[in-house]
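Read-outs throughout are calculated quantities, based only on the coordinates presented, and are distinct from any laboratory measurement. Please read all numbers here as calculations on a predicted model, not as lab measurements. All Cβ positions, even for glycine, are placed from backbone atoms using ideal geometry, and neighbour counts span all protein chains on display.
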């Protein structure tokens, strides 16, 4: 495993729609492992292929139980993710992004989502997420479509102007 450079705005790969993964071979396995290591080192809770300069529909997410900090975080590695269903309920939350250092913003997201994707080996699956986990999945899938949190934010500000505990970075 190796750390990958996290690309930042205005790198054009962040604005491109990522290509679907069709080859689940060694190169993908290395990419997924590198993305997990890079996300953890950053530190962040999510990372998408375009954020490491690879325009492929790959995301990694690691997030723990919001209610119980003693439960270890769960790692999700999702290839070709798509959001199938969203709740009607929307929730405003503060987001940041590893590819947009120094900024945070208030973004309205669906409270819960159902995501369909494939495992790193190509096996199809679905998962349901709510709360911050749902927010992270929406943020990461947006990256795969060339959408940044600042495109959806109602308000954006410099990180130095808020409490860092209020921001979840992808």
For the range 82-90, does any single residue satisfy the condition of being in contact (Cβ under 8 Å) with a residue 60 or more places away in the chain and part of a loop (DSSP other than H, G, I, E, B)?
no
Within the set of pairs 6+ apart or on separate chains, which have a first residue in the range 19-35 that is more than 17 Å from residue 47 (Cα to Cα), a second that is surrounded by 13 or more Cβ atoms within 10 Å (Cβ to Cβ), and C-beta atoms under 6 Å apart?
24/122
Being within 14 Å of the chain's Cα centre (by Cα) and within 15 Å of residue 46 (Cβ to Cβ) is the filter here; which residues of the range 75-93 pass it?
75, 76, 77, 78, 79, 81, 83
From 94, 107, residue being under 23 Å from residue 51 (Cα atoms), in contact with a strand residue (DSSP E or B) (Cβ under 7 Å, 6 or more places away or on another chain), in a strand (DSSP E or B) and in contact (Cβ under 8 Å) with a residue 60 or more places away in the chain
94
Kindly list the number of the only condition in (1) within 15 Å of residue 139 (Cα to Cα); (2) in contact with a strand residue (DSSP E or B) (Cβ under 7 Å, 6 or more places away or on another chain) that fails for residue 100.
(2)
Looking only at the range 23-44, decide whether some residue is in contact with a strand residue (DSSP E or B) (Cβ under 8 Å, 6 or more places away or on another chain), crowded, with 20+ Cβ neighbours inside 10 Å and assigned to a strand (DSSP E or B).
no
Residue check, residue 52 against (1) farther than 23 Å from residue 128 by Cβ; (2) buried (at least 19 other Cβ atoms within 10 Å of the Cβ); (3) in contact with a strand residue (DSSP E or B) (Cβ under 7 Å, 6 or more places away or on another chain), all met but one. Which one?
(3)
